[in-house]
Every structure is written in C-alpha cells, then in structure tokens.
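Notes follow once the structure below has been shown.
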Amino acid sequence: MSGPDFWARRKAAVEAEAVEDARVEVQLQAQERDVRVAEKSDAEILADLELPDPNTLGEGDDFKVFLTETIPARIRTRALRRLWLTNPVLANIDGLVDYGEDFTDASCVIENIQTAYQVGKGMTAHVDEMARQAAEEAEAAEQQLAEISEASEDETGVIEEIDVEQPEQEAMTKVAYVAPADIAHEADELHVYAAPRRMRFAFDEGAAET
C-alpha cells in the first residue's frame, strides 16, 4: 500500500506546485501590466484596449468587458461607478448604507486620522497585534501558574519533613514513658520466679529408739 500512496502524494504535490507557479506567473504579469499603464492616461488605456469610455455607457449596456482581470484596476473602478449610477436598483440608496457617503472629500475627513485598515490587507496588522498581546498574556499567566506550582511544591516538602520528624519524636516519647513500666514488670517476674526456700528437718535418734 505504501507504493500507491507515495505516487498519489507525489502527483498531488506536482499538481499543487504547478498551480502555485501559474498563480505566481499571473501575479507577475499583472504587476508588469500595472507598471506599464501607470504612466498612461485612462484615454490611452481605453484606446489600446479598444474599449469605450465607461462614462458614456448607459442603462442596458454591457459592463462585463470592464470586469476582467486584464483591465487595469482604475478602469474597472470607473466602470463600476457608472454601473451603479445607471442601474436604478443599484442607484436607489435607502440611506442605511454604512459607506454610502463620499469619504474622498478632504473637507469631510478628520485631519491626521489613524486607522488600522490597510489596502489589500484589511485589518491584518490589527489582528496580528491582538494575537501578539493575547500570546503575551497567556505566557505571563503560564509563568505565574508555574511560580505558584513551585511555591506549592516547596510548602509540601516542608510539611512532609515536619510529618516525618513528628513520628520519631512521638516514638521517643512513648519509649521514655513505657520504660518504667517495663522495668517494674521485669522486677515482678524476678520476684515470682525466685528459687523456693529449702526446708531442713532434723531427727532425734534417741527418741526413736524408745
């Protein structure tokens, strides 16, 4: 079974590598295209792509040609803005849209405003900072728990030493207390088992003859 599994993994790795290479190639081409069109005006780009001006399109016109990856980002943005204006459904703003206002007006923007949002990355930096702070807090908590655990082990060791010493002291106390009784008991045994006295009798031979 190891043979087929090895070749299956090998095939999957080759396919994944090919997909990654294709993605990198597309990204490089897009970067090169952005560099080329950065110095051109919108009119020149539209002329090179043989596309009409998005501002001249109206309701019912095809905007799909502007939404492909080969179209520069700023041209796609202009086409989408025109689509939103020409489509009654999209243009009917109900006032509940959070970002419906024009925040490109400098007079409406707070001076030196700070934001964690990054174009193309979103809130990545903010999320990374929160993750870093959470990791530091977790590490501090683990260190505190380790210190508490070490302190508890030290206290347990002291208590065990006290418990070991106490039985020895109690044994010595019991021996000192029991020793007199043992001595008295041994004395009684000596008294009980002492050799009995021998009785001696004397006979009067003269009295026996009469």
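Every number in this text was worked out from the coordinates using simple rules, so none of it is lab data. Remember, predicted model here, so these are calculated numbers, not experimental data. With ideal geometry, Cβ positions are generated from the backbone for all residues, glycine too; neighbour counts draw on all protein chains shown.
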Give me the dipole magnitude in Debye, nearest 20, for the range 2-93 about the Cα centre, with unit charges on the beta carbon: positive for Lys and Arg, negative for Asp and Glu.
300
Going by how many other beta carbons lie within 10 Å of each one, how would you line up T86, T77, fewest first?
T77, T86
Can you pull a Stokes-Einstein diffusion coefficient for the range 2-93 at 4 °C (1.567 mPa s), Rh from Kirkwood over Cα pairs, as a whole number of µm²/s?
80
Counting other C-beta atoms within 10 Å, which of R132, R74 has the fewest, and how do the rest follow?
R132, R74
Which net charge results for the neighbourhood of E129, defined as the other residues with beta-carbon distances under 15 angstrom from its beta-carbon, given Lys and Arg at +1 and Asp and Glu at -1?
-1
Determine the dipole magnitude for the range 17-60: charges of +1 sit on the beta-carbon of Lys and Arg, -1 on that of Asp and Glu, nothing else is charged, the reference point is the Cα centre, and the result goes in debye to the nearest 20.
80
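About the Cα centre of the range 111-152, what is the dipole size in debye to 20, counting +1 per Lys and Arg Cβ and -1 per Asp and Glu Cβ, all else neutral? Please report the intermediate quantities before stating the final value.
Details: 2 positive and 9 negative charges, 64 e Å.
Magnitude of the dipole: close to 300 debye.
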Taking Lys and Arg as +1 and Asp and Glu as -1, residues besides E44 with C-beta under 13 Å from its C-beta add up to -2
Sequence of I148, I45, I110 once ranked by neighbouring C-beta atoms within 10 Å, starting from the fewest
I110, I148, I45
